[in-house]
Amino acid sequence: MEMMLTIHFTIPRLYCPLPVPGVHPDLDLLEKRGLDWIAACGFAPDPAARRSVANTQSHALLSRLTPRAPASLVQLGVDLGYLLFTFDDLRTDTGPTSTDTAQLMAWLYDFTYALAIPEAPASGTDPGYAAIAELSRRIRAATTPQMWRRWTDVLHHSCWSAMWESTQRNLKLTPTFDTYLTARPRFGAAPATLLMAEIAAQLRVPEDEREHPLVRTAFDVSCLLLCLDDDLYSYPKEQWALERAGRDVAHEPAGIPILMREHHAGVDEAVALLTDIRDRLTLLLTRLLALIKAGPFSPDTMAYAGLAASAVPVGLAWAQQCPRFTDPDGRSPGLIELHWAGLHDIPPANRDPLPYPSIAWWWRLAEPPE
């Protein structure tokens, strides 16, 4: 029997002054229904597979975003969360499609066809197609045609960004951190997660307000933060998986490895760099929220911006209790020990824009009017 040494990794103190929403009263029921649905779709045929899916704790993540929403609507996001985590493990991290971009592209095409045309016969025998089609029908029945179409578009964008990640990895390219920032939120499914929370909250955001620069930027900052935080606490799990798969860790298109390459730095220095980046983005988010609160926006738009921002503390609270990051294969509980140095509410001293062209312009929006 293979002996594996415990992996220790410290998450530095993180700036996060935003409160964590409460727990949904139907938390346990949301989990049971989500896991039962995944099993019925054919993704958890045995106890070990079911445990691996359960380790993602999708119900805890999605329900905290909307703790007072109807359980039936929250369930849609919980089910999508479990499904996307499963796809991440079985399609992009392991299996033939994880090492062959052409195969992944073919799989993603059939996946997006099934979600956009859910009445069509399933293409092939992959259970993912039938699962996303069934979920698409449920979401279409539960919300407006406009929101359902937005949902299909958001998932299309996630698939396109997943192709970017696959191309970078399998062709052993070396993306810059700036290019990484543009793709990261979508292949991390952050916009899809927040859209499911918006559906559960039954918000009706005026389109002109949704696309207002302040509101849109606050949403984009929240999505990026949700994923950069994931880069921190998922790092040991991802490195463990890469090493076991025999992949080239140096070319991995992920936040910490890219910063290590760009700055010729070790892991600790790259972690410190990423911490500074996410802390400065969090401060920017708080400034944007204050401007939105003082602006001429509808109550639903303000709730929308607040919901997006709440994903940052929710993601951190969820990760600290999530076995996915300490039991990397569903069979090794406690293999990884994450040491959380804690959260704090002291703003970073550096308020300058980050030196990445793709996001540097965000800071101009938060400048006080002259």
LEU343 vs. criteria surrounded by 15 or more Cβ atoms within 10 Å (Cβ to Cβ), modelled with pLDDT of 95 or more and out of contact with any Lys or Arg (no Cβ under 9 Å at 6 or more places or on another chain): no
Residue among ALA114, ALA44, ALA71, ALA39 that is free of Cβ contacts under 8 Å to residues at least 40 places away in the same chain, closer than 24 Å to ILE139 by Cβ and in contact with a Pro (Cβ under 9 Å, 6 or more places away or on another chain): ALA39
Out of GLU207, GLU252, sole residue that is free of Cβ contacts under 8 Å to residues at least 24 places away in the same chain and of a type in the set (D, E, K, R): GLU207
Write out, first by first residue and then by second, each pair whose Cβ atoms fall under 8 Å of each other, whose residues are 6+ apart or on separate chains, and whose first residue, in the range 133-150, is modelled with pLDDT of 95 or more while the second is part of a helix (DSSP H, G or I) and of a type in the set (Gly, Ala, Ser). ALA133/ALA114; SER136/ALA114; SER136/ALA116; ALA142/SER72; TRP148/SER136
Which residues, taken from the range 223-269, are under 19 Å from the mean Cα position of the chain (by Cα) and either over 22 Å from THR193 (Cα atoms) or not in a helix (DSSP H, G or I) (or both)? SER234, PRO236, GLN239, ALA241, GLU252, PRO253, ALA254, ILE256, PRO257, ILE258
Single match in GLU238, GLU243 (criterion: closer than 24 Å to ASP327 by Cα and loosely packed, with under 15 Cβ neighbours inside 10 Å): GLU243
Just to check your reading of the model, which residue among GLY124, GLY188 is surrounded by fewer than 18 Cβ atoms within 10 Å (Cβ to Cβ) and not aromatic (Phe, Trp, Tyr)? GLY124
Could you list, in sequence order, all residues of the range 299-313 that are surrounded by fewer than 21 Cβ atoms within 10 Å (Cβ to Cβ), among the hydrophobic types (A, V, I, L, M, F, W, C) and either in contact (Cβ under 8 Å) with a residue 24 or more places away in the chain or closer than 16 Å to CYS16 by Cα (or both)? ALA303
Go through the range 326-351 and give me each residue that's touching a residue at least 40 places away in the same chain (Cβ under 8 Å) and either over 30 Å from ASN55 (Cβ atoms) or of a type in the set (Gly, Ala, Ser) (or both). GLY330, SER332, GLY334, ALA341, GLY342, ASP345, ILE346, PRO347, PRO348, ASN350, ARG351
Please state which one of THR143, THR193 is polar (S, T, N, Q), more than 24 Å from THR92 (Cβ to Cβ) and surrounded by 18 or more Cβ atoms within 10 Å (Cβ to Cβ). THR143
Go through the range 270-370 and tell me which helices (runs of 4 or more DSSP H), entirely inside it, have 3 or more residues that are hydrophobic (A, V, I, L, M, F, W, C). 299-320, 362-365
From the residues in the range 237-269 that are small (Gly, Ala, Ser) and closer than 20 Å to GLY188 by Cα, which one is modelled with the lowest pLDDT? ALA241
Which residue is surrounded by the fewest Cβ atoms within 10 Å (Cβ to Cβ), if the candidates are limited to the range 54-98 and must be closer than 12 Å to LEU30 by Cα and polar (S, T, N, Q)? SER72
Out of the range 122-176, which residues are assigned to a loop (DSSP other than H, G, I, E, B) and among the small types (Gly, Ala, Ser)? ALA122, SER123, GLY124
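The values are calculated or read from the model by the stated rules, or taken from the named source; none is laboratory data. Here the structure is a predicted model, which means the values were calculated and not measured. Methodologically, a virtual Cβ is constructed for each residue, glycine included, from the backbone with ideal geometry; neighbour enumeration extends over all protein chains shown.
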